[in-house]
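A.B. asks: To start, I am sharing the structure in question, which I have written as structure tokens.
The values are calculated or read from the model by the stated rules, or taken from the named source; none is laboratory data. Bear in mind that the values here come from a model prediction, so they are computed numbers and not experimental data. Cβ atoms come from the backbone with ideal geometry, glycine included; neighbour counts cover every protein chain shown. SASA here: full protein model, heavy atoms, side chains in, ligands and nucleic acids out. Shrake-Rupley method; radii C 1.70, N 1.55, O 1.52, S 1.80 Å.
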Amino acid sequence: MVIDYVTFPSEAKWLADELADYKINIVYAVLLVDQDTIVTRDHLRPEEVQMGERSLILLDEFENDPELRPENKLYTQLFTVEQLPDIIHEIMNNPNYIVNVKPA
């Protein structure tokens, strides 16, 4: 399992291609929230690790990345911390999150 804080579709595809010989699935889900939620959550972090404007820039980059399929996006602003197992279950069991690998 690889969990990366920020991975764009091209990087997930590269990883899938590199590991294609191992006959494993690469599951790629981008957890997103709306702008208000990302600002609120960023302000909850200790000041020294807040991302500030960078969090909005990254949100915009993901929202406008032409390679990011809508089915790889999972909006989480309406989920609670207690629902984390539900989020993980969705990601692990929904085939829409699997990245296609290049043909061998």
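Results for (1) closer than 27 Å to ASN100 by Cβ; (2) of a type in the set (Phe, Trp, Tyr); (3) more than 17 Å from the chain's Cα centre (by Cα), shown as yes or no for each residue.
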| position | (1), (2), (3) |
| --- | --- |
| TYR22 | yes, yes, yes |
| VAL27 | yes, no, no |
| GLY52 | no, no, yes |
| GLU71 | yes, no, no |
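A.B. asks: Just give me the residues in segment 62-104 being over 18 Å from ARG41 (Cα atoms), of a type in the set (A, V, I, L, M, F, W, C), in a loop (DSSP other than H, G, I, E, B) and open to solvent by 70 Å² or more (accessible area, probe 1.4 Å), in sequence order.
C.D. replies: Of everything in segment 62-104, just one residue is over 18 Å from ARG41 (Cα atoms), of a type in the set (A, V, I, L, M, F, W, C), in a loop (DSSP other than H, G, I, E, B) and open to solvent by 70 Å² or more (accessible area, probe 1.4 Å), namely ALA104.
A.B. asks: Is there a residue in segment 16-31 that is more than 20 Å from ILE3 (Cβ to Cβ) and loosely packed, with under 11 Cβ neighbours inside 10 Å?
C.D. replies: Looking for residues that are more than 20 Å from ILE3 (Cβ to Cβ) and loosely packed, with under 11 Cβ neighbours inside 10 Å, one finds at least one in segment 16-31, hence yes.
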